[in-house]
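The values are calculated or read from the model by the stated rules, or taken from the named source; none is laboratory data. Note that the structure is a prediction, hence the values are computed from the model and not measured. Note that each Cβ is placed from the backbone with ideal geometry, even for glycine, and that neighbours are counted across all protein chains shown.
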Amino acid sequence: MTLGRCLFRALALAPLVATPSIATNWSARELYSGSHCAGTPNVLKMVATERCDAEMCTPHALGGYTLFVSATCNVTDRFKYTEELFTGFDYVMMEEYDGDGCENLAQTSVFPASGTCEKSSVVANTTDIVSLFTNGSAVVLLFDDGDCGGEPSHHFVLDSAMISSGDCIQGHYRFFTGTASGSTDSSSSTYSYGSIQWTSEGLSGGAIAGIVVGSVACVAFLAFATFKLVRQRYDNDLSKDTGIAALAASYAGYPTPESALSEITLGSEASQSREVQRSLGVEALKWPKAACGRTKSSSPPVSRVKKLC
């Protein structure tokens, strides 16, 4: 074989040799809460790359807490690497795609299925809550804040069939799981976040019943409060009406309330005057009419005598 042919064959085979290494090489970045990258990572992220700079466990101070980052290069098998890193722990793997229909894999994220709030980035203030149930279903909640507060920016409720068949979720995601025991067979699953309880099929019957009972109780309370308020106003109005009626009755027979008031306040004085007049009349009657014309010393007052004579 001539030297020219050898060079030509080498150049022709070079792309075939180089292409697999580019396609299967992944760089992995692991984020830890444990000091010096101890324990299970909070999150593992892997991307396909041609260049990678390995990084030993490096601390990152983020105001009040410290996270540790480690970077590994030349990962050729994402699934095997994940199993080794999460040995003895349940986890959920999420593949993220750029194109619609789950085309063009961009990144793989792996979360420990702890069911608690985990820090997931040293660049962005993001967190997550991930749970894996014994029947193979899973819930993934991703938050754009540092304490898993408020509504999640992304939430996925996945049954075991979606995971095992590798369904394309929302056109951009696929999910896989792993367990400490290596098995996901069971019969039921539940997950609680806030006041909502999830199952692999959505809201549980208990949660629905609780929502219905709570709604009925709220409506009943509002109705009772409205009734009490209306009843109190009615009683107050009735008391006012009764007082007005009594006052109106006291004014009956008088042209104006002022005249009625004068009569009421002066009535006792008029009665006393009439009593005095009656007593004087009785005393005058004791004098005989023959007394008319008598002297002042032996006769009653002139005004009384004039009335009698």
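Please go through region 61-73 and pick out each residue that is over 21 Å from residue 130 (Cβ atoms) and exposed (fewer than 13 other Cβ atoms within 10 Å of the Cβ).
61, 63, 64, listed by residue number.
Counting only residues that are in a loop (DSSP other than H, G, I, E, B), more than 18 Å from residue 150 (Cβ to Cβ) and among the polar types (S, T, N, Q), how many does region 97-117 have?
Initial filter on region 97-117 (in a loop (DSSP other than H, G, I, E, B)): 100-102, 113-117.
This time we only want the ones that are more than 18 Å from residue 150 (Cβ to Cβ), so: 100-102, 113-115.
Okay, now just the ones that are also among the polar types (S, T, N, Q), so 114.
Final tally of qualifying residues: 1.
State whether the residues of region 76-90 include one that is among the polar types (S, T, N, Q) and farther than 23 Å from residue 175 by Cβ.
No, region 76-90 contains no residue that is among the polar types (S, T, N, Q) and farther than 23 Å from residue 175 by Cβ.
Residues 181, 120: which one is within 18 Å of residue 45 (Cβ to Cβ), assigned by TED's automatic domain parsing to the domain that holds residue 30 and modelled with pLDDT under 95?
Details: 181 fails: within 18 Å of residue 45 (Cβ to Cβ).
Of the residues listed, the single one that is within 18 Å of residue 45 (Cβ to Cβ), assigned by TED's automatic domain parsing to the domain that holds residue 30 and modelled with pLDDT under 95 is 120.
Run residue 147 past the list (1) assigned to a strand (DSSP E or B); (2) in contact with a Cys (Cβ under 9 Å, 6 or more places away or on another chain); (3) over 17 Å from residue 176 (Cβ atoms) and report the number of the one that doesn't hold.
Of (1) assigned to a strand (DSSP E or B); (2) in contact with a Cys (Cβ under 9 Å, 6 or more places away or on another chain); (3) over 17 Å from residue 176 (Cβ atoms), only one is false for residue 147: (1).
Among what's in region 29-44 and is assigned to a loop (DSSP other than H, G, I, E, B) and surrounded by fewer than 16 Cβ atoms within 10 Å (Cβ to Cβ), pick the residue that is nearest to the chain's Cα centre (by Cα).
Residue satisfying both the conditions and the ranking: 34.
Counting just the residues of region 118-140 that are in a loop (DSSP other than H, G, I, E, B) and aliphatic (A, V, I, L, M), which one comes out surrounded by the fewest Cβ atoms within 10 Å (Cβ to Cβ)?
123
Taking only region 150-167 into account, find how many residues are part of a loop (DSSP other than H, G, I, E, B) and closer than 27 Å to residue 124 by Cβ.
Within region 150-167, the subset part of a loop (DSSP other than H, G, I, E, B) is 150-153, 159, 165-167.
Among the residues that remain, those that are also closer than 27 Å to residue 124 by Cβ are: 150-153.
Going through region 150-167 one residue at a time, the tally reaches 4.
Just need a number here: residues in region 116-151 that are of a type outside the set (A, V, I, L, M) and without any contact (Cβ under 8 Å) to a residue 12 or more places away in the chain.
Residues in region 116-151 being of a type outside the set (A, V, I, L, M) and without any contact (Cβ under 8 Å) to a residue 12 or more places away in the chain: 3 in total.
Residues that are more than 18 Å from residue 166 (Cα to Cα), among the small types (Gly, Ala, Ser) and at pLDDT 95 or above: does region 93-111 have at least one? Quick ask: steps written out before the conclusion?
Of all residues in region 93-111, those more than 18 Å from residue 166 (Cα to Cα) come to none.
Scanning region 93-111 turns up no residue that is more than 18 Å from residue 166 (Cα to Cα), among the small types (Gly, Ala, Ser) and at pLDDT 95 or above.
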